[in-house]
Amino acid sequence: MNNISPKVQNQIAMLQQVQQQLQTILTQKAQYEMAAREAKRAQEEIADLPDDAAMYMSVGSVMMQKKKDVVNTKLAEKVETLELRIKSLEKQEKMLQGKFEQLQGQIKAALEGKPGAPSAA
Amino acid sequence: MPASTDAIDQRELLALEQHLKQYGQQAEIFASQLELLENGRMEALAAVEALQGLLESDDGTVLLQIGGGASVRVKILETDKILLNIGSDVIVERTNKDAVEFLKDRITEMEASEKKVAETLEKLRAQMNEIAKRIEQGYQQAVAAEQAGRMPPVRAGREQDE
């Protein structure tokens, strides 16, 4: 690492940071996607039930009985919110991916222009 | 990855170690996913067994575990009305038979997911083995080069310094 210039060392540190940020975003996105799938599935499940079917939703630490249309609305809202969050995360992911590729290119160019430097790392 | 017969330089060795670390992290994630799926499957199987058992019971009296090894005798009022969590914190009332069907469908899905995750994990581990072999080969090449006297052995050099 001693033979690598401070600038490249800094770029490597930034690359690692971007990589960690990307990982966090991907994990969050996967969680939201799973929650959205689950909510859509719950919507499908209740669609087949009669309007007066007994349904409960969790409110704090208790489950309260709700009407079918209320449950449906809440689920639709949940799906909408989750999809918005997923879109926002996708934007961040794209931005970070671009940054990652740019840094990767810069580091590669710097190291290739300076043979032997990484071997001291 | 380069062919295994190629000589490995230190830069490649470092990159391979980095890849191995990343693959290891991914493998851990997949392994925990597999464990979660298996736990879910076992839980669903136990629930199916319990629901079917309820229908066969005489008066619906069961032991309800309240923790610490203590249980109380409870009587299930309606063994054919099951409250089922269908996801997203929504609970619906189903007949015993429908609830069993629902759970069996979930079990099938979980089994399919488990199969996919297990396959991915297996592929990942095979790739990790390949990388580990390549790294080992690199180290052996470095040691051989040192022993051939192309460069003074690191350890001997340190001992001399001491």
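The values are calculated or read from the model by the stated rules, or taken from the named source; none is laboratory data. What you are looking at is a predicted structure, and each value in this text was computed from that prediction instead of being measured. In this analysis, Cβ positions are derived from the backbone assuming ideal geometry, glycine residues included, and neighbour counts consider all displayed protein chains. Note: accessible area is taken over every heavy atom of the protein model, side chains too, but ligands, DNA and RNA are not part of it. Shrake-Rupley method; radii C 1.70, N 1.55, O 1.52, S 1.80 Å.
Listed here are the residues, each with its yes/no results for (1) farther than 24 Å from A:Ala36 by Cα; (2) of a type in the set (Phe, Trp, Tyr); (3) at pLDDT 95 or above; (4) more than 21 Å from the chain's Cα centre (by Cα).
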| position | (1), (2), (3), (4) |
| --- | --- |
| B:Ile91 | no, no, yes, yes |
| B:Arg94 | no, no, no, yes |
| B:Glu101 | no, no, yes, yes |
| B:Lys104 | no, no, yes, yes |
| B:Thr108 | no, no, yes, no |
| B:Ala112 | no, no, yes, no |
| B:Glu119 | yes, no, yes, no |
| B:Asn129 | yes, no, yes, no |
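Considering the stretch A:75-85 alone, what residues qualify as being of a type outside the set (Ser, Thr, Tyr) and surrounded by fewer than 18 Cβ atoms within 10 Å (Cβ to Cβ)?
Passing the criteria: A:Ala76, A:Glu77, A:Glu80, A:Glu83, A:Leu84, A:Arg85.
Being within 16 Å of B:Thr95 (Cα to Cα) and part of a loop (DSSP other than H, G, I, E, B) is the filter; apply it to the stretch A:47-67 and report the residue that is nearest to the other protein chains (Cβ to nearest Cβ). Outline the logic, then answer.
So in the stretch A:47-67, the residues within 16 Å of B:Thr95 (Cα to Cα) come out as A:48-50, A:52-56.
Still in the list and also part of a loop (DSSP other than H, G, I, E, B): A:48-50, A:52-54.
Details: A:Asp48: 10, A:Leu49: 6, A:Pro50: 11, A:Asp52: 11, A:Ala53: 6, A:Ala54: 4 Å.
The qualifying residue nearest to the other protein chains (Cβ to nearest Cβ) is A:Ala54.
Identify all residues within the stretch B:16-56 that are over 19 Å from B:Lys104 (Cα atoms), open to solvent by 40 Å² or more (accessible area, probe 1.4 Å) and in contact (Cβ under 8 Å) with a residue 12 or more places away in the chain; write none if there are none.
Passing the criteria: B:Glu17, B:His19, B:Leu20, B:Tyr23, B:Gln26, B:Phe30, B:Gln33.
If I filter the stretch A:96-104 for residues that are within 11 Å of chain B (Cβ to nearest Cβ) and open to solvent by less than 50 Å² (accessible area, probe 1.4 Å), do I get at least one hit?
No, because not a single residue in the stretch A:96-104 is within 11 Å of chain B (Cβ to nearest Cβ) and open to solvent by less than 50 Å² (accessible area, probe 1.4 Å).
Among the numbered criteria (1) modelled with pLDDT of 95 or more; (2) within 10 Å of the chain's Cα centre (by Cα); (3) aliphatic (A, V, I, L, M), which one does B:Ile29 miss?
All conditions pass for B:Ile29, except number (1).
I need every pair where a residue in the stretch B:84-96 that is facing chain A (nearest Cβ under 7 Å) and at positive phi has its Cβ under 6 Å from the Cβ of a residue that is of a type in the set (Gly, Ala, Ser) and in a strand (DSSP E or B), sequence separation at least 6 or different chains.
As it stands, the answer is B:Asp89/A:Ser58, since those pairs meet every condition given.
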